[in-house]
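This report refers to the structure that appears directly beneath it.
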Amino acid sequence: MAKTTQILTTPASGTVIGPVRDYTDEQKKQIEELGEVSLILQSPPRHPGLWLMLNVLQQYTHTLLLPESDAYHVWEKRWLNKPDTMPRYMRAAKWNFADAKKRIQGTLEWRREFKPELISPEEVKIEDESGKILINGFDRDGRPIIYMRPGRQNTETSPRQLRHLVWVLERAKDLMPPGQESLVILIDYKSTTLRTNPSISTARKVLTILQHHYVETLGRGLVVNLPFLLNFFYKGISPFLDPITRDKIRFNPDLNDLIPEEQLDADLGGDYEYEFEHEAYWKQLIEACGIAPDGTRIEKEEGEDKPVPEKTEEASAPAEPEETVESPAQEIQNESPNQENVAVTA
């Protein structure tokens with residue numbers, strides 16, 4: 001395969017999306033009451049009762065919604081109405097309703113402070129210049145792949161590094177094909193040193209976000225080229241990994257078993273001869289995800305593959321806020337709490 005700067009934003013041809021959630025007969029009946037959530041049910045259901053909890057959970061979360069007068073209301077409602085939100089939190093809570101309520105309330109509070117939907121590309125662009133964290137390609141189950149290369153660290157520890165990581169997680173979710181709810185994080189330690197590797201303290205903060213606020217989103221964690229010198233790092237963070245996350249991490253696996261050769265970076269044994277060029281990568285990713293300069297969304301016209309700019313006259317009063325998601329980002333950013341006290345990197 002010839003060298004290219006073209007990124008891969010769709011799974012390989014013939015990919016079967018997985019895993020397929022095996023829900024039960026009465027669960028489907030109950031979840032259909034949740035509208036869009038029923039779209040994720042792809043297999044015959046079997047058990048009663050659990051979807052009733054999903055229905056009640058969604059009703060409960062809507063009592064927590066910010067008032068419509070709050071500029072962030074439209075984004076919060078959009079997130080709550082996504083097809084995967086309620087099922088992910090119920091699965092993470094092992095269908096314990098009280099625990100699910102606690103988890104989702106915690107995430108709502110975090111999102112109100114962090115506002116992931118309103119991180120502008122320009123704010124975090126510098127963090128991407130070295131290619132230390134990239135979204136490119138999909139595994140054999142159609143999960144988008146986030147490549148992390150700590151050896152390419154190019155900035156000093158700051159809150160912006162964590163915001164960049166969250167921005168990348170949101171973009172990976174944008175690229176998930178229908179039916180897919182999880183992603184792959186592939187950490188390549190080639191050329192990583194003690195200086196460029198994140199601290200255990202930083203890793204704990206990243207794990208908190210992944211495990212508490214992007215629940216059931218990590219499908220696989222793949223670690224390659226880990227030098228013996230950094231074994232202590234994984235021993236240090238191991239106590240902070242919940243058992244489910246720990247079970248998803250694999251060290252030095254055969255990547256060709258998990259990722260199609262045409263989607264796997266040639267540096268890691270695949271046939272995909274990708275050459276990172278920052279401006280080309282950045283432009284392609286933003287266009288594929290339909291992100292506006294202020295971090296908000298560009299609406300896709302029905303039947304169109306590419307996003308088109310929203311009309312100015314619609315911006316102040318969108319007819320369907322959970323889909324049109326137009327919001328005055330600057331107004332919200334002005335209301336944001338100061339986060340300068342958070343010193344993290346990713």
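The values are calculated or read from the model by the stated rules, or taken from the named source; none is laboratory data. In this text the structure is predicted, and so the values were computed from the model without any measurement. Note that each Cβ is placed from the backbone with ideal geometry, even for glycine, and that neighbours are counted across all protein chains shown. Accessible surface is based on the protein model in full, side chains and every heavy atom, while ligands, DNA and RNA are left aside. Shrake-Rupley method; radii C 1.70, N 1.55, O 1.52, S 1.80 Å.
Quick look at the numbers
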| quantity | calculated |
| --- | --- |
| Out-of-range pairs (alpha-carbon distance over 20 Å; input Lys248/Lys283; Lys82/Lys115; Lys132/Lys190; Lys132/Lys235; Lys173/Lys248; Lys82/Lys283) | Lys248/Lys283; Lys132/Lys235; Lys82/Lys283 |
| Simple label model, 7 Å out from Cα along Cβ direction - Ala2 to His212, nm | 5.0 nm |
| Cβ crowding within 10 Å averaged over residues, with 134-147, 174-187 ranked highest first | 134-147, 174-187 |
| Per residue value of the accessible surface for the stretch 121-289 (all protein chains in place, 1.4 Å probe), Å² | 41 Å² |
| Nonlocal amide H pairs with Leu186, under 5 Å, H built at 1.01 Å | Ile146, Tyr147, Met148, Leu222 |
| Gyration tensor (alpha-carbon) shape descriptor, the stretch 196-237, a/c threshold 1.5 | oblate |
| Net +/- balance of residues flanking Glu262 in space, Cβ distance below 13 Å, scoring K and R +1, D and E -1 | -4 |
| Cα-derived Rg to Rh of the stretch 121-289, Kirkwood definition | 0.92 |
| Added length on full extension, which subtracts the Cα-Cα distance from 0.36 nm per residue, Thr63 to Asn256 | 64.8 nm |
| Rounded FRET efficiency, nearest 0.05, which uses the C-beta distance separating Thr245 from Trp110 and R0 of 22 Å | 0.80 |
| Cα→Cβ-extended label distance, 7 Å offset, between Thr157 and Asp271, nm | 4.4 nm |
| Kirkwood Rh, Cα atoms: Rg over Rh of the stretch 80-221 | 0.96 |
| Extension reserve of the Ser13-Lys102 stretch, reckoned as 0.36 nm per residue once the Cα distance is removed | 28.0 nm |
| Within the accessible area of the stretch 121-289 (1.4 Å probe), percent carbon and sulfur | 51 percent |
